[in-house]
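Just below is one structure, and these are the notes that go with it.
The values are calculated or read from the model by the stated rules, or taken from the named source; none is laboratory data. Keep in mind that this is a model prediction, so the values were computed, not measured. Note that we place each Cβ from the backbone using ideal geometry, even for glycine, and neighbour counts take in every protein chain shown.
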Amino acid sequence: MKPRVSIVIPAYNEGSDIEDVLTRLTESVQLPHEILVVVDAPDDSTVSCVEKYARQHPTTSAVVNDVEPGPAQAIRYGIERAAADVVVVTMADGCDDPQQIDQMVRLVERGVVIAAASRYSRGGQQVGGPFLKSLLSRAAGLSLWVLARVGTRDATNSFKAYDVDFVRRVGIASSAGFEIGIELVAKARRARLPVAEVPTIWLERNHGVSNFKIVSWLPHYLGWWRFAFGPRLEIDQVRTAAERKGSS
């Protein structure tokens with residue numbers, strides 16, 4: 001049976017901690033689904049744990065990204081290999097609440113190109129996390145919501161559902177960190193395509209170390225923030241405009 005949603009999880013040496021995340025996903029997601037845990041190397045400590053989990057849950061698999069390392073490339077690699085028409089990107093650290101996944105998928109099936117899990121909408125919340133990262137994320141999200149009318153207050157959150165056809169038409173240019181979330185929101189806005197959000201509660205990871213690199217990734221996020229304010233484009237023109245942005 002073709003899944004209704006492909007869940008893509010970029011992972012880096014999560015080890016046995018990934019098992020709790022996979023268990024919560026399996027318990028929460030009721031729609032037919034597949035789970036693709038994308039790693040950069042076959043000897044990543046996440047792989048053996050995913051393979052162990054997959055013996056009981058064969059819709060789960062570890063996928064080795066053999067193109068280029070890094071979270072942005074892992075997300076792109078997973079989306080390219082998705083079997084479903086809707087992809088949800090969620091993190092391996094357990095911060096995201098998988099109970100929103102079915103709702104986000106149904107929103108995409110109803111016609112939005114992106115359904116965002118929002119920490120900053122009514123009913124949403126962020127618990128914990130670095131103060132500066134939270135401040136910048138909230139400022140970027142709310143300014144894009146008010147000024148650019150992007151359809152979500154939380155454009156920087158990676159936890160989103162995407163229409164796969166939309167993603168493949170506009171392409172993914174991101175190369176640094178988790179900027180894909182804001183990139184695709186900005187591209188949807190330039191094409192004047194609908195984006196919706198559902199509230200979520202994000203909890204700071206209680207194990208391991210975050211791989212978020214705020215200093216080196218911030219310029220990339222700012223570039224997509226600016227891109228969202230450009231004039232309307234046809235969807236097939238968005239990819240070209242983004243490529244010009246990257247080369248300028």
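From the residues in segment 159-173 that are of a type in the set (Gly, Ala, Ser) and more than 12 Å from the chain's Cα centre (by Cα), which one is farthest from residue 221 (Cα to Cα)? Checking each candidate, the answer is 171.
Whether any residue in segment 196-213 is under 21 Å from residue 169 (Cα atoms) and either modelled with pLDDT of 95 or more or assigned to a strand (DSSP E or B) (or both) is what I want to check. Looking through segment 196-213, at least one residue is under 21 Å from residue 169 (Cα atoms) and either modelled with pLDDT of 95 or more or assigned to a strand (DSSP E or B) (or both).
The listed residues are 99, 73, 103, and the only one of them that is in contact with a strand residue (DSSP E or B) (Cβ under 7 Å, 6 or more places away or on another chain) and in a helix (DSSP H, G or I) turns out to be 103. Tell me, please, whether a residue that is at negative phi, without any contact (Cβ under 8 Å) to a residue 60 or more places away in the chain, part of a helix (DSSP H, G or I) and of a type outside the set (Asp, Glu) can be found in segment 114-132. Scanning segment 114-132, I find at least one residue that is at negative phi, without any contact (Cβ under 8 Å) to a residue 60 or more places away in the chain, part of a helix (DSSP H, G or I) and of a type outside the set (Asp, Glu), so the answer is yes.
Pairs are defined by a Cβ separation below 6 Å, a sequence spacing of at least 6 or placement on different chains, a first member in segment 28-43 that is farther than 25 Å from residue 70 by Cα, and a second member that is modelled with pLDDT under 95 and outside any strand (DSSP E or B); the pairs so defined are 32/1.
Matching residues to (1) surrounded by fewer than 24 Cβ atoms within 10 Å (Cβ to Cβ); (2) within 15 Å of the chain's Cα centre (by Cα); (3) under 18 Å from residue 162 (Cβ atoms); (4) at pLDDT below 95:
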| position | (1), (2), (3), (4) |
| --- | --- |
| 52 | yes, no, no, no |
| 55 | yes, no, no, no |
| 62 | yes, no, no, no |
| 66 | yes, no, no, yes |
| 69 | yes, no, no, yes |
| 87 | no, yes, yes, no |
| 94 | yes, yes, no, yes |
| 98 | yes, yes, yes, no |
| 101 | no, yes, yes, no |
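Kindly list, by first and then second residue, each pair from a residue in segment 160-185 that is at positive phi to a residue that is not in a helix (DSSP H, G or I), limited to pairs with Cβ atoms under 8 Å and residues at least 6 apart or on different chains. Pairs found: 177/70; 177/212; 177/213. Checked against the criterion of being surrounded by fewer than 18 Cβ atoms within 10 Å (Cβ to Cβ), small (Gly, Ala, Ser), closer than 13 Å to residue 76 by Cα and at pLDDT below 90, segment 161-175 contains one or more residues that satisfy it.
Inclusion of residue 56 among residues that are without any contact (Cβ under 8 Å) to a residue 12 or more places away in the chain and at negative phi is warranted. Within segment 86-112, residues that are in contact (Cβ under 8 Å) with a residue 24 or more places away in the chain reach partners that are basic (Lys, Arg) and part of a helix (DSSP H, G or I) with beta carbons closer than 7 Å, at six or more positions or on different chains, in the pairs 98/24.
Output yes when any residue across segment 30-45 is within 20 Å of the chain's Cα centre (by Cα), part of a helix (DSSP H, G or I) and surrounded by fewer than 22 Cβ atoms within 10 Å (Cβ to Cβ), and no when none is. Give the derivation first.
Step one: filter segment 30-45 for residues within 20 Å of the chain's Cα centre (by Cα), giving 30-40.
From what is left, the residues that are part of a helix (DSSP H, G or I) are none.
No: segment 30-45 contains no residue that is within 20 Å of the chain's Cα centre (by Cα), part of a helix (DSSP H, G or I) and surrounded by fewer than 22 Cβ atoms within 10 Å (Cβ to Cβ).
In segment 217-231, the residues that are free of Cβ contacts under 8 Å to residues at least 24 places away in the same chain reach residues that are surrounded by fewer than 20 Cβ atoms within 10 Å (Cβ to Cβ) and not in a loop (DSSP other than H, G, I, E, B) with C-beta atoms within less than 7 angstrom, at least six apart or across chains, in these pairs: 223/245. Scanning segment 164-188 for residues that are part of a loop (DSSP other than H, G, I, E, B) and not charged (D, E, K, R) gives 171, 172, 173, 174, 175, 176, 177, 178.
Residues in segment 133-147 that are buried (at least 16 other Cβ atoms within 10 Å of the Cβ), of a type outside the set (Gly, Ala, Ser) and in contact (Cβ under 8 Å) with a residue 40 or more places away in the chain: 136, 144.
For segment 24-56, taking the residues that are of a type in the set (S, T, N, Q) and in contact with a helix residue (DSSP H, G or I) (Cβ under 8 Å, 6 or more places away or on another chain), the one that is farthest from residue 88 (Cα to Cα) is identified as 46.
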